[in-house]
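No value in this document is a laboratory result; all are computed from the given coordinates. Every value quoted in this text rests on a predicted model; they were computed, and no experiment measured them. For neighbour counting, all protein chains shown are included, and Cβ atoms are generated from backbone atoms with ideal geometry for every residue, glycine included.
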Amino acid sequence: MKTLIVDDEHFVRKGLILTVPWKEYGFDIVGEAENGQKALEQLSAQPIDVLITDLTMPKMSGFELMKEVQQQYPHIWIVVLTCHQDFGYVVDAMHAGAIDYLVKTQIEEGKMEEALARIEKRISDGTRHRQQAVVQKASCPELILVPSGANGKPDVIPWPASPTIIPIEQGCFRISDYGFYDVKPLHKFWEEEQLYESWIPVVCESAPEKDFMTTKEWVAQVKESIFYRFRRDLPSPVRFQSAVNRSAKGTEQLEKIDRLFHSLHWIFDTGLFQTWIQLVEETEPNSTYVGDKVGKFLKALSAINGAPAGLDEHKSMMEQRNWHELLQSLMELRLYLQQRNFPEETAIGIYKAILLIHDELSENLNQENVAQRVALSRSYFGQCFRPIAGMSFHELLTEMRIRKAEELLVATNDYIYSVAEQSGFQDEKYFSKVFKQHRHLLPKEYREKYRK
């Protein structure tokens, strides 16, 4: 595969070219460029199969170069170069069309082989997929429409052909013979007609048996693909991938994902954070599992004084946060949590304590037993808690219990005494007093004001 390397740092380019065993993995380095403009000049002068580009460069950024390459040379596979501290850009680059990434520090560490093997496999798989798509282009791929907002029926959509429309589970529709043979014209049509506000189009290029496509299990699999692949800020048709294939790695990967996440060391170690993201995106666990895990972390740690707003935002069923939105919130909170002038293990201990409090709000919690359970002495725990959390242990416990009560008041019809008990208050009168002190409304008044 003829490969071009683009990076504004001379020694990074030379280090990549001279020290990495490219040929062992099928890559032939045929050129290098110091910025996006120089890269485009080389692309016009010789055939290139793979572009490896930095993202932050003068004159033309990697994102601008990617956009130009996708328009002029859509066959080229794009891999991005990154430093650990710039990893936030990689997420956007992957969604913008890059197939993988290389971390610059891996050059010095001699750890490029694993990444090269992974990239070579993705290109091989992608090449086969492109070849299959050419063969299948004679007919429209199956299209599933999943409602994304207030909408009517898909028969009012001004399709370029006369489609066959079949209603299936949960307000979804299966569409065939609709007149688009590729994702790009479908996306352009969806944008021009402003259809993303009503429907998420899911392209099924290798559809299963027709009978299976009407089942609840099928619709659940389609929605799993939407969770991982659809972005409300940059909408585009979703390519369906069967959940059967995604779950083939079994429980071992899920256990690894769990262990890594619950360690909380990824808050301070960007390499671990990258690894966790990669594991999730390769395994694609059930969206409820991922949403609950990340959502609980965001919700618990957002109680820290001064945490970014909106991290634990509740949305309607159709507007639940997808993987990209959860990841963006997680990255935002992660950066905030790093700003503590305490040893890493100490901060992690306090964060684990806050998660423990969140999980056991209705229990009889006190500073001594929580400190013991996160392996910190009571005195050191008390000394560190306020500087890290922005409030005392008791203040945070009360705030989190009040937040729990707010949820129950709005989402349930439970009696006030039951809301108090579920939130960790054993006395209804004391609960009402504390609630009014914090929210300036009695629990009953709060329910009447915010119940939709």
Quick one: which residues, 5+ away or cross-chain, put their amide H under 5 Å from the amide H of MET391? H built at 1.01 Å from N.
ASN305
Starting from the 7 Å offset along Cα-to-Cβ, what nm value, one decimal, do you get for the label separation of ASP177 and ALA411?
4.6
How far, in nm, would the chain grow between HIS75 and GLU399 when pulled straight, counting 0.36 nm per residue and subtracting the alpha carbon separation?
111.2 nm
Filter LYS184/LYS256; LYS121/LYS184; LYS14/LYS59; LYS121/LYS256 down to the pairs with a C-alpha to C-alpha distance above 31 Å, please.
LYS184/LYS256
Region 315-377 to region 5-68: how many Å between their Cα centroids?
41
Of the residues GLN372, LEU143, TYR289, the Cα lying farthest along the dipole of the chain towards its positive end, which is defined by charges on the beta carbon of Lys, Arg, Asp and Glu, belongs to GLN372
What is the set of long-range amide H partners of TYR101 at a cut-off below 5 Å, with H atoms built 1.01 Å from backbone N?
VAL80
For the chain, longest principal axis from Cα atoms; helix 216-229 axis from its Cα atoms; angle between them, nearest 10 degrees, is 80
What's the lysine pair count for region 319-452 at a Cα cut-off below 21 Å, pairs eight or more apart or interchain?
15
Which shape class, rounded, prolate or oblate, goes with region 137-241 when its Cα gyration tensor gives a ≥ b ≥ c as root eigenvalues, a/c under 1.5 marks rounded, and past that a/b bigger than b/c marks prolate?
rounded
Using +1 at the Cβ of each Lys and Arg and -1 at the Cβ of each Asp and Glu in the chain, identify which of LEU279, HIS324, VAL6 lies farthest towards the dipole's positive end.
HIS324
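Using helices alone, what [θ] at 222 nm do you get for the chain, with -39,500 (n - 2.57) per DSSP H run of 4 or more residues, divided over all residues and rounded to the nearest 500?
-16000 deg cm²/dmol
What range in the chain is the longest one free of GluC sites (Glu not before Pro) that are in a loop by DSSP and have at most 16 other Cβ atoms within 10 angstrom? Display every interim value, and only then the final one.
On the way: sites that count: GLU9, GLU193, GLU205, GLU209, GLU313, GLU360, GLU363.
Maximal segment without exposed cleavage sites: 10-192.
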Under the rule a/c < 1.5 gives rounded, and otherwise a/b versus b/c splits prolate from oblate, where does the chain land using the Cα gyration tensor?
oblate
Are there any chymotrypsin sites (Phe, Trp or Tyr not before Pro) in region 404-436 that are in a DSSP loop and have at most 16 other Cβ atoms within 10 Å? List them by number.
TYR415
